[in-house]
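No lab work stands behind these numbers, since they all come straight from the coordinates. Everything quoted here is computed from the prediction, not taken from an experiment. A quick note on method: Cβ atoms are made from the backbone with ideal geometry, for glycine too, and the neighbour counts reach across all protein chains shown.
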Amino acid sequence: MSLLRVENVSKHFGSLVAVNNISMVVEPGELRAVIGPNGAGKTTFFNLISGFFPPTSGRIVFDGEDITALLPARRVWRGMARTFQITEVFPELTVRENLRIAVEVAAGNRLNPWLSRDADGEIRARIVELMDMGGLGEKADRLVGELAHGDQRATEIMMALALKPRLLLLDEPTAGMGDQETYDITQLIRKLHREEKLAIVLIEHDMRVVFHLADRIMVLAEGEPLAEGTPREIGANEAVQAAYLGKAAA
Amino acid sequence: MRGDDLQKRAATAIVWLLLIGAPYWLPAIGGYTELGTRVVVLGLAAMSLNFLLGYTGVLSFGHAAYFGLGAYGAGMTLRYLVPSTGLSVIIGTLVGTIAAAIIGPMIIRLRGVYFAMVTIAFGQTFYFIAFRWNTVTGGDDGLIGWTRQPLNLGFATIDILKSSVAFYYFVLVLFAVAVGIMAWLLRSPFGRTLLAIRENERRARFLGIPVDQHIWISWVISCCFVSLAGALYALLNNFVDPRTLYWSQSGDFVIMAVLGGMRSFWGPLLGAAIFVVLQDYLSSQTQNWMSFVGLFFVLVVLFFPRGVLGIIRRRATA
Ligand SMILES: Nc1ncnc2c1ncn2[C@@H]1O[C@H](COP(=O)(O)OP(=O)(O)OP(=O)(O)O)[C@@H](O)[C@H]1O
Ligand SMILES: [Mg+2]
């Protein structure tokens, strides 16, 4: 069974049609990229999948269940996590505290007024594991708001990962990063995909990252699906080159 | 990290020593026990408000509603039902808490100024009911014809009516329980979800925290303890009037919390102490005492956004 089925979703903001009749199927363990020029509706499309706002029309099915009307938190509980185009973390808390909140929620402790010693030990161990994986071990007790952009980004991704998702949505994970940071994040995403068997959908402007990582690519332009296929097919597609790659090269 | 922890513990110890010793050192510096009781009761109200304001990031401008319901609940229990101080406190607290639990779902989706405005509106509704319903509440003249009763523990009786010192300790014990529960909750996984909501609601939501539900719980806890404070306030005065429900009373709680420092656990208690002492001193000097408190408040907010405790802390760490 497909992990995610987006069926003909549209989103209107007043007279603006930000997303027009888009469908997408994501299989378990697949790594898929969504690309398109600025304002194409990519982030809006993610917002529909993750429940930021409801679609004007269309249906979203996750793991066989219709989740179109579910609150974001409920989608998270079913195994969907996301990051944002502009990093969303808890800037006045440390890396460790940021991750702790995510790990505790994932472990079903969000309403608990206490933690047993054992549960606390497990949570601490999981936090350390996540920090090591994200290369954040040395910054554990620094406030996230004081970290470099790349480390804030890594913290956000590790928080999403702490939720043990089956589907991870990453909105421009390398936006605003230098070459080294971009490389590090790309390696991290590749590792998550390989080792954790995660299905990942990512929005990305950096074509090196997209063509390096993605199994399949979907191209959006002005809210419409323009093309869909393997990196090779998309690279050779003339409509795509005209609408997007051409513009980026010019 | 370690040093910070030690400093916090030392501060907590000092606060408790001062509170426990208050009936003995207060008179020595020209105060009196009832003044200390007022500080503890209003401090509890301000700390309860701060559970929501400082630790969940939600501003209520209507906490007087639940403070007043607690006060009327306690007063009316003693006036009409049973001459038991213990029951009056329990019933007063329950009345305020239940009202908050019912009103909660209607307001928790609102944010910021909208939330504050609607909490005021509900508060004013209760105010007008108390004001108009003369036969039961005593209307504008207040609810009279009752007093708190000596505490009957079975094996002994403590006269909290005649002995203001005994009453102070009665209040302090309940204060300790309430404050202890709040401190404990804030250090728990649930407490951390509240911090998460305060820090970044969007991130909290997309981490799988159903934000509205958590705000509702925080709201009910906050209102529960503010109702307890209201019940104790009624017992302190042996009197309740509609002003305990009035929006300006809510404003006083916000002033206390912000004045003392809403990012610190004890800040609102300090704010309440400053407020009560200024009120006690200035109101004997001038009719316009509130203008002076207001001026002081504005100065603190402008120059020390973390409140008076924020200033002290900065000194201590500098
Ligand atoms: N909440 C909103 N209300 C009104 N209009 C919106 C809203 N969100 C997005 N839009 C509009 O929808 C269109 C698509 O925006 P979206 O953010 O989805 O584009 P994008 O493909 O992510 O672009 P970028 O590459 O710049 O991030 C834009 O015209 C945008 O102004
Ligand atoms: Mg975008």
For residue B:149, distant residues with modelled amide H under 5 Å away: B:85
Among B:303, B:115, B:239: highest mean-square fluctuation, GNM of chain B, C-alpha pairs under 10 Å: B:303
Under Karplus coefficients 6.51, -1.76 and 1.60, residue-wise ³J(HN,Hα) of segment A:16-24 in Hz, glycine/proline x: 7, 9, 7, 9, 10, 6, 9, 10, 7
Gap separating the Cα centres of segment B:250-310 and segment B:77-140, nearest whole Å: 25
Dipole of segment B:33-317, positive direction: furthest Cα of B:37, B:279, B:215, with charges on the beta-carbon: B:215
Proximal aspartates and glutamates to residue A:197, defined as alpha-carbon separation beneath 13 angstrom and excluding residues fewer than eight positions away on the same chain: A:27, A:30
Segment A:116-168: radius of gyration and largest Cα-Cα distance (Dmax), Å: 11.9, 35
Calculated from backbone phi, Karplus (6.51, -1.76, 1.60) coupling profile of segment B:21-33 in Hz, x at Gly/Pro: x, 3, x, 9, 8, 4, x, 5, 10, x, x, 8, 4
Two-decimal ratio, segment B:222-318, of alpha-carbon radius of gyration to 2.2 N^0.38 Å: 1.16
Farthest toward positive dipole pole in the protein assembly as shown [+1 Lys/Arg, -1 Asp/Glu at C-beta], among A:39, A:211, B:25: B:25
Shape category assigned to segment A:1-144 from the gyration tensor of Cα positions, a/c cut at 1.5: prolate
Gaussian network model of chain B, Cα within-10 Å springs - most flexible of B:181, B:108, B:221: B:181
Listed residues B:186, B:282, B:259, most fluctuating in chain B (Gaussian network, C-alpha, under 10 Å): B:282
Debye, to nearest 20: dipole size of segment B:165-221, +1 on Lys, Arg Cβ, -1 on Asp, Glu Cβ: 200
P(r) weight above 38 Å for the protein assembly as shown, C-alpha pairs, percent: 42
Relative contact order [Cα under 8 Å, 6+ residues apart], chain A, whole percent: 27
Debye equation applied to the C-alpha atoms of segment B:175-255, log10 I(q)/I(0) at 0.15, 0.20 Å⁻¹: -0.69, -0.97
Sites matching chymotrypsin sites (Phe, Trp or Tyr not before Pro) across segment B:118-171 that sit in DSSP coil, with at most 16 neighbouring C-beta atoms within 10 Å: B:133, B:155
Average beta carbon contacts from partner chains per residue of B:209-217, 10 Å cutoff: 3
Environment charge at residue A:17 (Cβ cut-off 15 Å; Lys +1, Arg +1, Asp -1, Glu -1): 0
At 0.692 mPa s and 37 °C, Stokes diffusion of segment B:1-147 via Kirkwood alpha-carbon radius, µm² per second: 184
Between helix A:95-106 and chain A: long-axis angle, C-alpha atoms, 0 to 90°, nearest 10: 80
Helical contribution to [θ] at 222 nm, DSSP H n ≥ 4, -39,500 (n - 2.57), averaged over chain B, rounded to 500: -24500 deg cm²/dmol
Within the protein assembly as shown: Cβ-based charge dipole about Cα centre, in debye rounded to nearest 20 (Lys, Arg +1; Asp, Glu -1): 960
Average Cα contact separation per residue, chain B, under 8 Å, 6 or more apart, as relative contact order %: 30
Estimated FRET transfer efficiency when R0 is 30 angstrom, pair residue A:117-residue A:74 (beta carbons, to 0.05): 0.45
Computed [θ] at 222 nm, deg cm²/dmol, chain A (DSSP H ≥ 4; -39,500 (n - 2.57); rounded to nearest 500): -11000 deg cm²/dmol
Overall Cα dimensions of chain A, principal axis frame, Å, largest first: 59, 40, 34
Cα-Cα separations in segment B:33-317 greater than 28 Å, expressed as whole percent: 35
Rg(Cα)/(2.2 N^0.38 Å) for segment B:117-191, N = residue count: 1.63
Whole-number D in µm²/s for segment B:71-225 (Stokes-Einstein; Kirkwood sum over Cα pairs; 25 °C, 0.890 mPa s): 135
